[in-house]
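*Asks:* Okay, handing you the structure first.
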Amino acid sequence: MHVLAIIGQKGGNGKTTTALGVAVEAVLAGRSVAVIDLDPQTTAANWSDRRGKEAPSVVSCQVSRLGQVLEAAAKGGADFAIIDTPGKSTDALIAAAKAADFVLMPIQPQLYDIETLGSLKDVLTLAGNPPSAVLVNRAPVQGKRHVETQEAATEQGFAVCPVVIFARAAHGDAGNIGQSATEFEPKGKAAQEMSDLYSYIAIALKGGRHEEKRINRRA
Amino acid sequence: MKKSALTAGLRAAAGHQAQQVTATAAPSVTKAKTPPATVLIGGHYSPEVRRALLLVQAEPKNTGRNLKQLLGEAINDLCAKYGKPQPYSGEA
């Protein structure tokens, strides 16, 4: 079973939307997926309640139960587990990163988020430096802020996901009814970006070089 | 909605109310991580230091935390002071 952790130190940077979008992509690819929601706000679990479908399996749990829940996921036949974390809870971030085969760190292209990268580096260090990448998320469609943010993350020594998730209405509209953007608007740009992100993660989880498949990088 | 075996298993492991599981999926490639190992963190101090810690433990504000838990709390406070992630979550 592959384990992906999605961590970040700020709320509102799209961790849960990313986790659920990737989870649905994995389900559509035929994988058995467990989403483990460590956020006390239970946003992912609430989404699953609205969804009314069995896949992906979403469970809300406390950090102290993470090991047991991952074990149950593996025993239950899941081949892909995604851990969604709350901001501002470093013990949850450390625990998730420790358990993960790959860690994704979504940040918005703004200084408030870029400033958190130093703390995230400490979290990764405490977790034993698992393979990881920064994902520029909720980027404005206009302008080059996403490119500048990718460069800033690279300068700080982070691997950077070549896929950018732009701020598109489909993500929020889909979440309102328990769907992902891919289900809500299959031919939309949000769906394409999420599909590209899943492809990137799948390669990363197999230990492939991130640069092997440069996907959907906007000029 | 009927819960699948996977969902039911996850909920049980998370400590939610147990649900009837009617089928069990065959385990595939399982790479569940083992529970985290612990390490000893300690040092020799003067007896006054230990007495001070015991006094803190005896404080009415302390609601049943043992010395190890209090030291974990102290480590988190130290990390916060130096702007580092707070690693102690209380379960160990």
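The values are calculated or read from the model by the stated rules, or taken from the named source; none is laboratory data. Keep in mind the model is a prediction, meaning the values are calculated, not measured. As a convention, Cβ positions derive from the backbone with ideal geometry for all residues, glycine included, and neighbour counts pool all protein chains shown. The accessibility values were calculated without ligands, DNA or RNA, using every heavy atom of the protein model including side chains. Shrake-Rupley method; radii C 1.70, N 1.55, O 1.52, S 1.80 Å.
*Asks:* List, in order, the whole-Hz ³J(HN,Hα) value for each residue of the stretch A:115-127 obtained from phi through the Karplus relation with A = 6.51, B = -1.76, C = 1.60 and θ = phi - 60°; use x for Gly and Pro.
*Replies:* Result, ordered by residue: 5, 7, 5, x, 5, 5, 5, 4, 4, 4, 4, 5, 8 Hz.
*Asks:* Let me ask something additional. Below 11 angstrom from the Cβ of A:MET105, what's the summed charge of the other residues (Lys, Arg +1; Asp, Glu -1)?
*Replies:* Values: positive: A:LYS10, A:LYS15, A:LYS121; negative: A:ASP113.
My count for the surroundings of A:MET105 gives +2.
*Asks:* Of A:LYS75/A:LYS98; A:LYS15/A:LYS53; A:LYS144/A:LYS206, which pairs sit farther than 26 Å apart, going by alpha carbon to alpha carbon? Don't skip to the answer; put the middle values down first.
*Replies:* On the way: A:LYS75/A:LYS98 20 Å; A:LYS15/A:LYS53 21 Å; A:LYS144/A:LYS206 31 Å.
The pairs that break the limit, which is 26 Å between Cα atoms, are A:LYS144/A:LYS206.
*Asks:* In debye to the nearest 20, how big a dipole does the stretch A:92-219 give about its Cα centre with +1 on each Lys and Arg Cβ and -1 on each Asp and Glu Cβ? If you can, show how the numbers build up before the last one.
*Replies:* Numbers: 14 positive and 14 negative charges, 57 e Å.
Dipole about the Cα centre, nearest 20: 280 debye.
*Asks:* What residues qualify as long-range amide H neighbours of A:VAL3, i.e. H under 5 Å apart, gap of 5 or more or another chain, H built at 1.01 Å from N?
*Replies:* A:ALA81, A:ASP101, A:PHE102
*Asks:* For the stretch B:45-88 and the stretch A:69-85, write down the distance between their C-alpha centroids in whole Å.
*Replies:* Distance between centres, Cα-based: 34 Å.
*Asks:* Order the following by accessible area, largest value first: A:TYR198, B:TYR88, B:TYR82. Probe radius 1.4 Å; ligands, DNA and RNA are ignored. Could the numbers behind the result be given before it?
*Replies:* Details: A:TYR198 30, B:TYR88 50, B:TYR82 150 Å².
Highest to lowest solvent-accessible surface, that is B:TYR82, B:TYR88, A:TYR198.
*Asks:* Moving to a separate point now. How large, in Å, is chain A by the Kirkwood hydrodynamic radius built from its alpha-carbon pairs? Display every interim value, and only then the final one.
*Replies:* On the way: mean 1/r = 0.0590 Å⁻¹.
The answer is 17.0 Å.
*Asks:* Also, quick follow-up: Given +1 on the Cβ of Lys and Arg, -1 on the Cβ of Asp and Glu, and no further charges, what dipole in debye does chain A carry about its Cα centre, rounded to the nearest 20?
*Replies:* On the way: 23 positive and 23 negative charges, 63 e Å.
In debye, rounded to 20, chain A gives about 300.
*Asks:* Can you tell me the dipole magnitude for the stretch A:1-112 around its Cα centre, using point charges on the Cβ only (Lys, Arg +1; Asp, Glu -1), in Debye to the nearest 20? All intermediate terms of the calculation are to be shown ahead of the outcome.
*Replies:* Numbers: 10 positive and 10 negative charges, 30 e Å.
The calculated dipole for the stretch A:1-112 is roughly 140 debye.
*Asks:* Once label points are set 7 Å from the Cα along Cα→Cβ at both B:LEU54 and A:THR154, what is their separation, rounded to one decimal in nm?
*Replies:* 6.0 nm
*Asks:* Label point 7 Å out from B:THR38 along Cα-to-Cβ: which residues of the stretch A:68-104 have amide N under 20 Å?
*Replies:* Output list for this probe position: A:68-69, A:91-92, A:94-96, A:98-99.
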